[in-house]
Structure formats: structure tokens, C-alpha cells
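> Supplied in C-alpha cells, the structure appears directly below.
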Amino acid sequence: MPTSSSLFADYRTLPGTWDELFTEKGAPRPAFRKAIDAIGARSGAEFATCQALAERALLNQGVTFSVYTDQRGTEKIFPFCLVPRMISGEDWAHLERGLAQRVTALERFLDDIYGEQLIFRDRAVPADLVLASKNWFPQLRGVRPHGGVRIHIAGIDLVRGPDGVFRVLEDNLRTPSGVSYVLENRIISKRVLPECVDAARVQPVDLYPSRLADALRSVSPVDPSETNAVVLTPGPYNSAYFEHSFLARTMGLELVQAADLFVERDQVHCRTTRGPRRVHVIYRRTDETFLDPEVFRPESLLGVPGIMRAWAKGNVTLANAPGNGVADDKAVYPFVPDIVRYYLGEEPLLEQLPTWVCARDEDRAFVLEHLPELVVKAVDEAGGYGMLMGPQASAAEIEEFRRRVAAEPRKYIAQRRLELSTCPTWVESRGRPEARRVDLRPYVLNGRDGPWVLPGGLTRVALVEGSYVVNSSQGGGSKDTWVLKPEAR
Amino acid sequence: MISRVADHCFWLGRYLERAESTARVLGVTRNLALDAGLNPRHVWLPVIIVAGEEHRFQARLGAGAADDGERVQEYLTWEDDNPCSIQRSLAAARDNARSIREVVSLETWEALNALYLWAGSPRARAEWRDDRHSFYRRIRTSAQSLQGIVRGTMLHDDALHFIFLGVLLERAGQTARILDVHHHAFRAIGAHDVIETALWLALLRACSGFEPFMKLHRGRVSPDVVARFLVFEPLFPRSVRFSLRAAAARLELIRPPADAELPGRETYERLRGLAMWVGSRQKDFDTAGLHEVLTHVVDETSEIAGVMGRELLGDAGAVATQAQAQ
């Protein structure tokens, strides 16, 4: 049954692909019917006006990211599509449990491998593979962070296949970014589509900053009410600077740079107009290898000398804890279901993509034979770089990857290309919404009381027709993600 | 507060005030040039000198360029290589705000960002070309509104005090420079009375002092009375003395003088000293000594900014880069 509304009247889903809002037959999914009717009541021209309004608001609010390659730090807005992505209350309840389970297990995993390493003794995952990770820091072994939490903030990337099942694509346990767009996008939706937000019964997201501040203070070395927590940024020319300042502002914390901090008697202090002031918790948005030149990069002028000593002594809490990268390594990813089973004695609630680990002989042989069908990823690259999209690649690119995989198998994993789900997305040039592929990054906070999942997340969308790459550096944009309140029974 | 953040606040205030002041001076001078029938050079060269840009301007555009009001306005409004141009001042104010977005209120940031984006847009260029008066007025009122937004939406804590400290020190220096340079130029022109009165009225307008002056002095315009008004008037918010006293009061909020242990002692003593010194000159004032008073004010405010940089703003650190102080 085609929808009666004018905006989505000509909307077509892609064959063999799950669409987030519409069924294969082109009808609105029942859970979203009211919201889709409210949005679709606009004509194409009316919606175009709304979309333009939203873009101007984002620019005026300075919701921008800096482009690395430009010396002068040009700022751009993260392209935004006003058509929201929606998730039903029921689907969300499942994701929430699965995400909490996964983060809990990864937390236990990190604690173990930086501690006794029982998982290697019990041969539940191969030690050589884990310890060969470039993000494994043997010098941190034996340090247990104050408050016992390592993954204070996780961003878990999910994708949805043609069967409608959400699967984990990647874990981000170091400095996951993007949450500011989740909050800003919602502000825009409420401003431009107020009656739609209302009709859809959307769960609020604006409590995130206060939950984050609570989580950070809960693991402070001193009483939470006495705690001086700060946000540490590399500075205004960092691509995510907007977010750093956004989080500091919405949490009411000070935003500091490394040069504002110094360590004395293994305690961290901040330089102020009234002299030094002690710092207890640091939400760091700097790469861990630039945290402390004493530990990581002696040649680096960046960082705060001695900060790792202060951390190891429990005098300051670093969020996230240094060393987490080993658990979100793409080479460790295939073993996360085993990690869940080993530590929690439960079956994983979230599925993930079947993955071939090129370090293993059998897997490698299969990968080399099937390169044109597979997506090959370098384990230490992110942002969609260092990747072979087999089905779209030229013969030369495939040969290039054959050579690379054979030369350094540990560096690569492979998966089948997933038909990422689509969502109606506004296409300016055609004046109508068309199906574009999306992913989802929900955020999990973790304090003394255990994990909490933000009801929402960052939906990234590949704006280019036919594209599977959602990264902002490569033509991706974002959407507001509406998690609907559970139906009253 | 964090020293680096205080530094950004201070410079945010200074650049904002500078953009406003430059727009006001250009607008008024343009009016004057139309009215007074003076040699354009006598009108426009002082404006370049007030901005401290005489050398760079002449090196770039030639000694004769100050005859051309359009080129002077172009240079002081748009020139990328001129750190005092309106566009550069707005960009610098906005850059400072961008570095401390968690400190300034959202409303402040949005208004400043919108002003900056507008100034860089073709719409602003078109307005400058087609309706110069509106352009300058818009810059002026936007900058003034921004100060109101700061006052009305931010906590009145150290961040706000540092912003206004920057505004007030910049303002004291600007008023002193504008008065000094024009006073000197007026004498050089040697115009007859009617023209001279027009010049002094323009000067008052350049300092937003026309109406306040008229309210207090009922239309009696003489060089001596105008100069006294701009230097000493305790009720006029742009007089040198008012600005310095208000700046000292801000600093007292940031650093209570009773607490001798706090950093910033020399800054405070010199700022307060300067304010008192200016006050003490009122009694035997005559316009012959004006230049000496104003030169001291300009030099000492710039020195005080330097001392403050060392004592309070962490200039030894990585941020001592804002060398555009006049």
C-alpha cells in the first residue's frame, strides 16, 4: 500500500536491502506510521525549505568539523539530512541489552589482559594475536585504574543487513566521537519538525552530558562533590574540536589543553589565574600516545609529562583509560563473541559480521581466493581508509591487496560486503528523498554503577548514490536518530 | 580560571571593541569628508594613523593613497594584511571565542559567529558598496549588541570580567588615540571657526560622545571643553578616565586587592595608578598639555596589557601569539 503523503509518494526502496522506514512494498513500517505521515505531509518544495533552514542553523551555531588537510583549519558543517532515522522501542530494548553486555565483557577482557591474563591461559583467545596488536601497551600491565572502569565511553558501530538484524561492525573504546552531533541534530529536528517529533514520541537525548559528568565523577579519586573534572582537547584545529568544547560546555567543565596541565608530586594540576588547581578526572580527547612523552613518545612536545605516573598511582582518573585500543583492534574483533562467553558465561545478544582473520592460514587461503567478493580491512586504519571493497574494485586494486595480505597477514581481516540498510535521504538535486545507506553508532557510558546506553545514536549516511561509505571524510553525512518510546501496552 | 582561557577572553573583548571603534571612526570620517570641504588627506590620514597603520599602508599603497578615502576605507575594512581591519578584528574575536566555546555563552557564540560569517559574505561586500552608512552602523550595533549579550547571558564571573577588561583597555587606548591624532590634525589644518566646530563635533561622534556631550554642555562646543569631556568626564562611558577606572574595577573583581598572595599585583597597581594619574591631571588641564597626557595613556595601557599577559594570562606558555596589540 503506497503512502498517501506527498513527500514519500515516489520513494523506492532498493531491492534486496532493508529500509529503515519503509517495507519492501513501499508502505511505512507500522511502528513509524504516525511520524512518517507527519513528515510526509510536506511537499518536496516545503521540505527543501526546512532542509535549508536546518543547514543554516547548523552553520550559525558553528556545528562544524575542521578539515585536517587545510592549514588554516577551514571549518565545514557535517552534512545533515533532516529525514530522521527511526528505531522502534522494541528493537531498541534488544540493542540496549546487547550493547551493555558487550561493553561489560570488553571491560572484563581489558582488566584481565592488563592483569593476570587468564583468558590466554585458558586459550579462549590466541595470545599471540592479541599481544601483536599495535595498541597493546605492555608497559601498562599491572595498572588498575582508580574506580575500576576502563571504558567510560564506548561507541559501538552497528549495521543492519537485508534480514533486518543489527550486527556489530566495530567497537570504539578509545575516544569515540560524534555524540555532539546526536544532540545538535536533535535540537535542529525539534526546531524544524516540531510536530513530527511530537507525533513520533521520541526518547530524549539531551540528558547525555549530565550522565557523562556523573559517570566521570563516580570514578574520581576524591569525593564526587569535591571533584575537579576537565575535558582535555588537542586544540581548536583538531577535527573534533567542536565536540570537545560542546561536551565541556554542556557538562559545565573546563576545557583544557596539555599546556594548561602539569604534574607535581604525582598529582595533576591546572594553571589558572589564581595559581595551580588540582585536577582529579580528565576526559581526554587526545590520542593516548600523545598523553605523556615520558611513557609513549619521548620526542613529542605534546602531552603532560608525568601524567601516566599520576594515573598509575590512582591520583587522577583518565577517561577512557589508556590501553583500551587493544580491545577494539579489528584483529581482536572476530573473538569478541568468545570473549563474551568466556567472561560472562552467556551467549552474545548482538550478532556481528562473520570475519576471516588473515593471520590464520585457512582464513588467509580463503581470502586470497575470494578477494573480488570480499571487503578487506587493514586492522590499524580507520575512517574508511586502507580498505579494499572487492565487488567494486579494479583488477589492479585487487592484485595490490593480494600482495599486501600475503606480505603482512596480521594486518588484515576480511568480511563479506554487507548490503547496509537504507533510509530515505533528502537529495537536493532531485528535490525528493531517495534510499541511501546508513549505519548507527550508539553510545554507552560506564561508571561505578555499570553501563548506560543513550537512547539514540549517530546515524551516518552515505550521501552518494550507490555508496557504502558513511565516513564524513568520504562523502558521508548524518541524520537524527529517533528511538521511539515503547508502545504502551 | 585557566590562564589560557583568560587570555582568550581578554582578546575577545579587545578585538570586538576594536572592530566597533574602527567602524565608528570610518563612518564618522566619511560624513565629515562630505561636509567640511576639506582636503581629503587632512581627513583620512589621521584615521590611518589612529589605527597605527601608517607605515604598512604607505608601503603597500604608496604615500598618495591617503588622499583617497575609498582606499583608506577599503584598507581598514577588508585588508587581510592589516591586523586592525574590521574583517580581521572580527575574525580574531571569533577565533578567540571559538577557542573557548565552552566558556562564552551559546548566545554570545552564535551572535559573534553570525556576524563573522556575514562580514565574510558577498552580502556584506554588497552592502559596503551600495550603502556604506548601513554597513558601518551594522558593525557598530552588532558589536554593541554582542557586549549586551555577554552581559545578559553569561555568568558574571572571571570570564566575563576578562572580556570587559579587554573591552575597557582597548576603549581607553582608542579614545586617547582618536583624540590625540585629531587634535593634532585640526591644528595643522588651521581652519576657520565653523569648520573647526564641525571637526570637533565629528570627533565626538567618532567616540559616540555627541549626544552625551550635548546633554552635559548644552551645545557649547570648544576644543578645550570637548577634550576635557573625552579625557575626564566621569559619567561618559568612553572617556579615558571612565574606561580606566572601570577596567581597574573589573580587575579588582578578578583579583581582590586584599589578597596580596594572588598573581597580578603589578598589573593592578599600574592600572589603578594610571587611572588616578589621569584623574589628577584634570585640575590644571590645558589643551597644550593634551598630547603629553594622551601619549602616556596609550603607552601605559599597552605596557599594562604586557604585564598582565605575564602575570595572569600565561604568556610564557604556548599562547603568547596575539602580538597584534597596538
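The values are calculated or read from the model by the stated rules, or taken from the named source; none is laboratory data. The shown structure was predicted, so the numbers you read here are calculated from the model rather than taken from an experiment. A quick note on method: Cβ atoms are made from the backbone with ideal geometry, for glycine too, and the neighbour counts reach across all protein chains shown.
> Give the residues of the range A:357-407 that are modelled with pLDDT of 90 or more and of a type in the set (S, T, N, Q), sorted by residue number.
A:SER394 - this is the single residue of the range A:357-407 that is modelled with pLDDT of 90 or more and of a type in the set (S, T, N, Q).
> How many residues, within the range A:15-32, are under 15 Å from A:LEU418 (Cα atoms) and surrounded by fewer than 18 Cβ atoms within 10 Å (Cβ to Cβ)?
Number satisfying all stated conditions: 3.
> Do any strands (runs of 3 or more DSSP E) lying entirely in the range A:422-480 carry at least 2 residues that are closer than 30 Å to A:VAL149 by Cα, and which ones are they?
Per the criteria, A:443-447, A:450-453, A:459-462.
> Follow-up question, since we're still on this one. Looking at the range B:141-151, is at least one residue at pLDDT below 95 and surrounded by fewer than 19 Cβ atoms within 10 Å (Cβ to Cβ)?
no
> Right, next: Only residues that are away from chain A (no Cβ under 13 Å) and more than 18 Å from the chain's Cα centre (by Cα): list them for the range B:236-259, please.
Of everything in the range B:236-259, those that are away from chain A (no Cβ under 13 Å) and more than 18 Å from the chain's Cα centre (by Cα) turn out to be B:ALA249, B:GLU252, B:PRO257, B:ALA258.
> Same structure, new question: Taking the range A:417-435, which residues are touching a strand residue (DSSP E or B) at 6+ places or on another chain (Cβ under 6 Å) and touching a residue at least 60 places away in the same chain (Cβ under 8 Å)?
A:LEU418, A:LEU420, A:SER421, A:THR422, A:CYS423, A:PRO424, A:THR425, A:TRP426, A:PRO433, A:GLU434, A:ALA435
> Continuing with this model, one more query. Is it true that A:ARG297 is free of Cβ contacts under 8 Å to residues at least 12 places away in the same chain, assigned by TED's automatic domain parsing to the domain that holds A:ASN446, basic (Lys, Arg) and surrounded by fewer than 20 Cβ atoms within 10 Å (Cβ to Cβ)?
yes
> Something else: Within the range B:75-146, which helices (runs of 4 or more DSSP H) (wholly inside it) include 2 or more residues that are within 14 Å of chain A (Cβ to nearest Cβ) and of a type in the set (Gly, Ala, Ser)?
B:86-98, B:106-119
> Next up: Take the residues in the range A:92-134 that are in contact (Cβ under 8 Å) with a residue 60 or more places away in the chain and of a type in the set (Gly, Ala, Ser); name whichever of them is farthest from A:GLU487 (Cα to Cα).
My answer is A:ALA132.
> Is one or more of the residues making up the range B:118-131 of a type in the set (Phe, Trp, Tyr), surrounded by fewer than 22 Cβ atoms within 10 Å (Cβ to Cβ) and under 23 Å from the mean Cα position of the chain (by Cα)?
yes
> It is to be established whether one or more residues within the range B:52-72 are in contact (Cβ under 8 Å) with a residue 40 or more places away in the chain, within 17 Å of the chain's Cα centre (by Cα) and either within 11 Å of chain A (Cβ to nearest Cβ) or more than 30 Å from A:ALA258 (Cα to Cα) (or both).
yes
> Report, by residue number, each residue of the range A:259-271 that is facing another protein chain (nearest Cβ under 9 Å), farther than 18 Å from A:SER220 by Cβ and either in a helix (DSSP H, G or I) or touching a Pro at 6+ places or on another chain (Cβ under 9 Å) (or both).
A:ALA259, A:ASP260
> Another one. Hey, can you tell me all the residues within the range A:437-481 that are of a type in the set (Phe, Trp, Tyr) and crowded, with 24+ Cβ neighbours inside 10 Å?
A:TYR443
> Inspect the range A:259-266 for any residue being modelled with pLDDT under 95 and under 25 Å from the mean Cα position of the chain (by Cα) and give the result as yes or no.
Looking for residues that are modelled with pLDDT under 95 and under 25 Å from the mean Cα position of the chain (by Cα), one finds none in the range A:259-266, hence no.
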